[in-house]
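Here the structure is laid out as structure tokens; the discussion comes afterwards.
No value in this document is a laboratory result; all are computed from the given coordinates. None of these values were measured; they are calculated from a predicted model. Cβ placement follows ideal geometry from the backbone for every residue including glycine, while neighbour counts extend to all protein chains displayed.
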Amino acid sequence: MIIYNPRTFKTEIINVQSPSQPLTEVKNIYTDDFGMVWVFTDGMGVTLVNPKTSTKQWLFADQQDPMDRTTSDSFFITQDENKTLWIVPNGGTFSYFDRKAGKLVPYLLRSNSSGNYRVPKIGKHFLSDQGILWIAGTHDLTQVAFKNHTYRLNKLENGEAEVRALCNTPEGYHWTGYANGVVQVTDSKYQTVGYLAPGGQIVPNQVPFCPYPVFSIFSDTRGRMWIGTQGDGLYVRSHEGVSHYEHNPANKASLPHNDIYDVVADRYGRIWVATHGGGLALTQEGETGLFFYNRNFGLPWPKNSFADIRRIFCSPTGEILVGTTDGLITFGDNFRNPQQIKFYQTCYIPNDTTSLAANDVNFIIEHSNGKTYISQLGGILESIINKKLLQDNLKTKYFKNINYNEGIVQSMIEDNEGNLWVIRESSINKCNLKTGKTTVFGPNDFDYNISFTGARPTHDPATNDISVGTPFGWLTFNPATLKKSQYQAHIIFTSLHFTGESESIPILHSKKIVIPANKRNLTISFASLDYSRKYQMKYRYRLEGQTPPGKWIDNGSSNTIGFNRISQGDYILKVSATNSHGVWSKYIAELPIEVRPTFWESVWGRLTLLLLLAAVVASIFYSYNRKQREKLEHEMSLMKNDFFSDASHKLRTPLTLIGGPLKHVLDTEHGITRNSREMLVIALKNSREMLNMLNKVLRFDDNANFLVNGGLSENVNEEGNEMEKVEGEIDDTTVSKYLKELEEEKKKEKAKHEEEEKQKGTASNKPSKNLTILVVEDNSDLRLYLNSVLEEKYNVLLAENGKVGLYKARTEMPDFILTDVTMPVMDGITMIREIKQDRTISHIPIIILSAKASVEDQLKGFEQGVDGYLTKPFSTSYLMGRIEAAINKRKSTQTDIAKMMKQNGNVGYTGKAGNTGNTGNTEAAEISQPATEPRKTLRELNFDIQEKERLAEEKKSKMKSYAFMESQINDKTMGRILKYVTDNMGSPDLKIDDIADAIGMSRSVLYNKIKQAVGMTPIDFVRHIRIMRACELLQQTNDPLTSIAFEVGFSDPKYFSKVFKKELGIVPSEYRERTKE
């Protein structure tokens, strides 16, 4: 090899021959970053020449097993980004140059695929700008990513085990506890000193200290080593040897549990032990060794909670924080007697964002800035807001500087610069609390896809080294050596996929993509050319022509962008990415996109749309003018209709007050003279003529069909007008008849007078008025008239509007309601709706008496569930008949329910003369069923009532199509009452107040409800239900009478027999014999 110096113009010839390499012809040379020259010949190995000293060194490396060898078809030598030189010497294998040792070290090159295959040969190779070596072999392409290890992974000499405990001693030693029970001791340079033997000696060979996992190691000020295990209690190693402490159920002062998760010391040197199952323990020196204050011995620790402790932290100011699976415990170390300790609890509070986010506290640390940080097992990290830690329910807030998707927070440690290092499951976060910036070091920065354990990390202030536990050993790094990668990757667009199609279109080298007009839902995929670091890579994009200037859209970790109905036009899609350390690349990928227009988006399409728009505007203008004319005509028609409607309503009420009293006088007052009767008939006839003319005007006005038969007329003429032939009415066809009747009238006048006197004499024998009717009418004259008509047979309540009527209906509980529709304050329809929704008064029958006579108005009334709809004017007799029919219908329903109940209570017994002394039960005896008819149970009775309600509801829904059919009575409340009584009749303490509270009624309302529904008082009703149940048990079972009495709610069997005989006329034993015959 010839070396030429251009400054001195001198040349130097260096002979590369050596005993191991006798050839002199140089085939290839390579100069590395350190100025060293590598010389290749056709001989074995490679020669390293130092141009400055003209010294040479022959180097060679090979694998012990030739099957592990990686050779090269050509001269292979390269350097990675860390300036490590990689080479394949002639006849040797793939190696790297150890500059400190001055030798080549063979490296087994194999794929990380499932086959774990060796790479036998390097055909062609290429080193990318990222320092990635690409090797084309015989059958495949191999990627070699070089890494410079900035950390140290310490392992056991034999086997692998998870590290669960770490401890640095003042002497500079590192103690490590493994899950297999081994305790390893290393020096300050992380070289293994030995292993802790069971007897306490440090021995050179790897031996287990105990058969259980070591979970904590602590060094106190006296040089003792405290070793906590999972399942084997606590070991204390001192100069005297090893002491072992375990839980002894017979000794309260023993260790409270054998799972030891942490051991710490407070400011006064007192040792605190965290047990996972027995709570907190305080060690105390005794005559025979240590004893432990715990929740069973002298320590006021909560007994029913906070038993599982994970970590203890002792602050420099004397506060002690204990993390448990039930929350956080704080207390002070300034005490003399452990019994005087005051423990404060902090737990999760629902709907309180300032409370602890979760109760399972995993780790606790106090930073040098004075803030205390708490991590939970669910992955949440919080800081305590309160400056005073000795209080209940400390306030916290989220620590927002970390990504919670990385997993749980295993532990935390602070370095010399004040950075908080957060140890996650598969990454380590460096948090600069001053700037708020966080750097994530993940799997790309460590080998083996390493993860981290929950071991308490250690920090060496002298070197600033941090050690953490892993499943393979313990990893030590210096914060200064973990740095963010500055590599900035290029981005390429890879594929285009249209929604609805099965295959994607490659666009790897496309300069532009064209989107058809009918394929505007699409997804574009891209890739970042970072082949070594993919952890937490982020992307963002913008669409030039649509995205506002300067704005980027965050795309997270997704490498696809979807567009939905993208508009036609020309765009440029720009994409940028970060590396795994969050550094945004300066390279921005750009992809031009052309979206083809549809016909309507083209020039011709827009012109067509413009013409159509003009036509639509003209059509709208024409339609608008026409609708304005129609609207004006409609408004005039409405005004006319409103006028006639108002006139109709205002005239019908006076006509009612004219025609009603006239007809009432003609029908009831038989003592008036013939001339007076003639005048009254003429007045009544003309009032009807006025009504007919009024109806004709309204009918011809809006072609509405009016049903005006309110009972005033009984015959309908051919024009649809209703007329009634009243006694004494005269027309052209009845003149002769009238003259004849006039002659006979004088003869009967005396007889009629006597008859009237007789009627007056019997008037005092009229039945008492037991029913109450509520009249709701805003017209005071008509209200007084209805009162005078109805008060002869009923108790009448009056209300001037719907609001007053609703109040009186709820307070007075009338038996019937007669109401108008059009009223001030509250109209009749609203009042009816409120009544039907109130289950306490929904059963009351209602008839509407209104001047509104259209079908639509009557349908509105029937839809609310009224029992009838009468129009004004009306016939007094017809009104009275409709009221009596509605009341009789309600009474019929009560009778049916009562009969059904009584039949079920009297099955198989018809009564005898000797057993019917109770007059109160004659009806029950008369309606009892024959013994051959199947008996209904209480469940069947309840079903019958529910079925009747269902049929009534179906019938009610059908009646919406028939405006004039009457609605049925709703008995859902009685069904609820019956169900409650049957469910609770076994309790002898069942009271009427209990039923009222369960149904939601007052006692008085419940009384009226049951009385009106079944005709019984509530007490009789409950007693009858109990007797019905007793009849079932007597017939279906052979239980003693005492048991049956208790089951149906009678505490005294004798009283039960007495009531039973009173109800059915026979004693229970006789009833059982008769029904089983």
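In terms of distances greater than 21 angstrom between alpha carbons, the cross-link table entries LYS100/LYS484; LYS769/LYS1062; LYS696/LYS872 yield LYS100/LYS484; LYS769/LYS1062. Subtracting the Cα-Cα distance of ASN521 and ARG976 from 0.36 nm times their residue separation leaves 157.9 nm of extension gain. Packing here is the average count of other Cβ atoms within 10 Å per residue, and on that basis the peptides 281-290, 870-879, highest first, run 870-879, 281-290.
For trypsin sites (Lys or Arg not before Pro), the sites in region 42-116 that DSSP calls loop and that have at most 15 other Cβ atoms within 10 Å are LYS52, LYS83, ARG99, LYS100.
Starting from the Cα gyration tensor of region 129-236, take the square roots of the eigenvalues, sort them a ≥ b ≥ c, and report rounded, prolate or oblate (rounded when a/c is under 1.5, otherwise prolate if a/b is larger than b/c, else oblate).
It comes out prolate by the Cα gyration axes.
Let me know the shape class of region 246-399, please: from the alpha-carbon gyration tensor, a ≥ b ≥ c as square roots of the eigenvalues, rounded when a/c is under 1.5, otherwise prolate if a/b is greater than b/c, or oblate. Taking the square roots of the gyration eigenvalues as a ≥ b ≥ c, region 246-399 is prolate. In order along region 304-321, phi translates into HN-Hα couplings of 9, 7, 6, 7, 9, 9, 9, 9, 10, 10, 10, 7, x, 9, x, 7, 10, 10 Hz, rounded to whole numbers, per the Karplus curve 6.51 cos²θ - 1.76 cosθ + 1.60 with θ = phi - 60° and x for Gly and Pro. For region 55-115 versus region 469-520, the inter-centroid distance based on Cα atoms is 32 Å.
Among the chymotrypsin sites (Phe, Trp or Tyr not before Pro) within region 84-146, not one is in coil by DSSP while having at most 13 neighbouring Cβ atoms inside 10 Å.
In this structure, the residue pairs whose Cα-Cα separation is over 22 Å, taken from LYS650/LYS836; LYS103/LYS155; LYS640/LYS852; LYS663/LYS793; LYS889/LYS1009, are LYS650/LYS836; LYS103/LYS155. Calculated on the alpha-carbon coordinates, the convex hull of region 2-148 measures out at 130 cubic angstrom per residue.
Qualifying chymotrypsin sites (Phe, Trp or Tyr not before Pro) in region 223-274, where qualification requires a DSSP coil assignment and no more than 13 other C-beta atoms within 10 Å, comprise TYR268.
Where a ≥ b ≥ c are the square roots of the eigenvalues of the C-alpha gyration tensor, would you call region 491-597 rounded, which needs a/c under 1.5, or, failing that, prolate if a/b is larger than b/c, or oblate?
It comes out prolate by the Cα gyration axes.
To the nearest Å, what is the center-to-center distance of region 804-822 and region 655-680, using C-alpha atoms only? Centre-to-centre distance over Cα atoms comes out at 31 Å. Once you reduce region 185-219 and region 2-25 to the center of their Cα atoms, the two points are 56 Å from each other.
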